[in-house]
1. Between GLN637 and GLN429, what FRET efficiency follows from the Cβ-Cβ distance if R0 is 35 Å, with the result rounded to 0.05?
2. Please calculate the 1.4 Å probe accessible area of CYS539, with all protein chains present, and give it to the nearest 10 Å².
3. Quote the FRET efficiency, to the nearest 0.05, computed for PHE322 versus THR524 with a Förster distance R0 of 35 Å and r equal to the Cβ-Cβ distance.
4. Just to verify a number: FRET efficiency for GLU135 and ILE164, C-beta to C-beta distance, R0 = 30 Å, to 0.05?
5. Any idea how far the Cα center of the range 326-378 sits from the one of the range 748-768, in Å?
6. Would you mind classifying the range 539-599 by shape? Square roots of the alpha carbon gyration tensor eigenvalues, ordered a ≥ b ≥ c; an a/c under 1.5 is rounded, otherwise it is prolate if a/b is larger than b/c and oblate if not.
7. Give the accessible surface of the range 100-214 per residue, rounded to a whole number of Å², with probe radius 1.4 Å and ligands, DNA and RNA excluded.
8. Roughly speaking, what is the stretch gain from SER95 to THR237, that is 0.36 nm per residue apart minus the C-alpha to C-alpha distance, in nm to one decimal?
Amino acid sequence: METQALLVVKEITNGLRVAETKEEIIKGLTIIRALFIPDNLKSYHSPILHGYECTMLSSISQVVTSQFAKRIYEQLIAKFSLEFITEVTTDVFNSLMIPIFLEGPLRDSFIALLNTVTDSEKKNFGFYKCVSVLEKFISRNILVQLLKNESTSYGQTHSQIVDIDAEILLGYLSSFSEKVANKLQHENSDKFLPQNYIPTLGLAIIDTLHWAHDLVATGQDVSLLFVSSLVGKLCLTGFSDALLDTIVPHLSIRVRADYIWCRVCERVFAGVPDRNLEAVVVPLLKKLSWFGLVDKFLGDCVVHNTGVQVLVCTKLLLYRSFPKPKQLLQNIIGYLTTFHTRRHLFVEVVFRLLTVWGDKSSMKHISAEQHLYITRALVVCIGALKEQEKNTLRSDLLQNLMHGVQAHLESSDPNTRTLGMTVAKLLTQTVDSTGPQLEYDLDLNNPAVKDLLSYRELPEDPGPTLDEESLMSQTGEISKKNEQLLPESNEKQKAEEINDDSELDSDDDLEPYDMSNDKKVMSTAPPKYVRECMEGLICSSDNPDKTELCLQHAESLIRQKTTDLEEIAVEFAKILLHLENTHNFDNFLLNRFSALVALTVHCPQKVSEYLSTQFYERNYNTRQRMDILEVLANAAQELSQPEKQSHEKKPSPGIASNSGPSGWREVVQKRIESNTRRFAQGRTKPEPVATLNKFTQVAGQFFYPLMAKADKAQAYLDLLGSDSILLFRLLYTLAIILHSAINLLCAMQMGQALLEFTWPLRFHSDSSVRQAVLIATISVLLAVPAHFLMTDLQADMTETTAWLEGVIDHDPDTECQKWAAQALLLLREQIRKEFENSSN
């Protein structure tokens, strides 16, 4: 039969090649159309086909269509020329030639046309004719027929497409827009653009699935392997949003009412090749409006398909993160909890998330965004636990939780500590609501806490959306139900009655007293001297009102610069540092901090020396050591700033500014100035007055003592070990002090010392310490002159450049990457300016 078909094809192609007259061309095209379209074969008679029986003609047509169609199409495309169209006329071309391409073997037709367009070196008449035929080809009906043909070419037993031409067709359909756009460029057709082509192809896929559904409903077999592979290929090439936005709303309606549609969707989305699985499942989980639909689209494939199980239960929850993951996480966890066959996977996911969430090594080596994503997934799991699971898994969950909470509370990042406290409180309340609870000073108005709490409850079924409802009315298969609104008249009437009754007994007609300016009456007078203030702070338990007044006036008394302040400065600093808020005073921390800063500014040598030594002493808690560092940093900044000087002349006492002999002169002078036209104006502001930088003589006393004992581990203080939060703050304080010493001679030596101090800490396990090291490096680059960096510190700058590039490429913390990028940009800018200055 193949031999007979080959003879027929040779006669047809030879006839077309030598055909010169219109009649011969029409005869050849008619024979081809009869062979390609079997319905026309019985009524057609030709000398070429003479002598063959009807059954043999049908077999020959099948062989020609399946094996030799591509060869015939290439021969026909070779005839596309202006002379050919002139010979056969446009009407004959449209009535005979175009139907051969649009009604014959569509796979070979599409491949031949697209090959001609993409491989053509010149844009001649035949090129544009192929483009014109492709425009007619890219329509919903023809694409549906193409997909139907491919779906009937493979049986249910095929696990993958092995046909080379089918693989070529998949690639051409998924990359059609790019291929045509690269060739046509500005002459591209609107139908070929992705925003038009992908939705058209999506509608064709929907029609094909309708056809497959009808076949399955009647007990017939159909293969959706090609459609599934096409969906996977389109999603892999970046068209997942455009494609799923077209087909998912339609299918979401179908799967709600028909189990056969659930089977069809499972074959399409869960049956994609493994290489395309993630590209399909991830956007699908983002698009579905409710986790109950995930079960209908994917079925139980997560249980028996290892690839789907690894993707859903491990990769999407532990290794990937998304900026707005609420719907994705709720769909994943809700899908695992929907049916009892997947419940064991949900339990495994809960313990796996809890283990990774509380692991110290994991917290140090993943980014803050990834850790927040895992925390959100864990909160969703907590809300999805059933009562039986709470009872059976309570001890294991709480045991794993304790390790995780401890790791979070030891972190130097306040956001990490907030995540730990929130998860601990949620989990203990969920699994053991009647037992002892973990109580934390948790701010429920914190945006991070509010965000986590919003992940706790799995959503209810929202029902069909507006787009889906309009789609339901268009198809006519599902009637749109009118929503009955509950009458609100009775409720409103009851509310009005309650308001009327309450108005009878209300006191709204009485005007309240204005108490906004009332002040608290103190039984004691405020202190007038520094020593009196100190005595009031020492006797805090005897007279709380006096202690509060002394604390409120401490800063103002210190800034009066009394003569005996130097003698009592250290003792006063000791009192303030150990003062505790036993009576819950308002603004206690702010007042104490302001007084310590003022004391350090006006007595910098003695107070800075005392605070620096006390930082490494015993019997201080973390909060007090943090206060010491903050006071030194703020005092250094204030000392480095010039004092504000007033340039206005004050009027003499007892003389009004607008009266006397000078008053009328000012009025006259203002009138003259208002009517005077000036072509140039001199200095409008007084020249700045040079003042002494008070930080010059004490910069070293603020800086070097803080680095003296940083490497010595003590039982009460281990900066290189468990007290990384203090190490972070110490580095940050040193960076501020160095920046305050900018333009000072000592800045070069201080910058070099800070570089040496931070060198061993560049690869610290705590991300906050690494951030502080980067901030300190930026401070060095800003405070130290560029010529000193390029001469004495040239080797250090070379190593610093390599280190910053490594942080940008390999550090897991995104904040570290941002700081490193800024530091590297600043270093390169300093080098560029130095080279320009040296060349000039």
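1. E(calc), rounded to 0.05, equals 0.20.
2. 60 Å²
3. In this case the efficiency is close to 0.05.
4. Efficiency, from the Cβ-Cβ distance: 0.65.
5. 36 Å
6. Prolate, because a/c is 1.5 or more and a/b exceeds b/c.
7. Normalised by residue count, the accessible surface of the range 100-214 is 43 Å².
8. Details: separation 142, 0.36 × 142 = 51.12 nm, distance 3.68 nm.
Separation in residues times 0.36 nm, less the Cα-Cα distance, equals 47.4 nm.
The values are calculated or read from the model by the stated rules, or taken from the named source; none is laboratory data. Just so we're clear, the structure is a prediction, and the values are computed from it rather than from any experiment. For neighbour counting, all protein chains shown are included, and Cβ atoms are generated from backbone atoms with ideal geometry for every residue, glycine included. Surface accessibility is based on the protein's heavy atoms, side chains included, excluding ligands, DNA and RNA. Shrake-Rupley method; radii C 1.70, N 1.55, O 1.52, S 1.80 Å.
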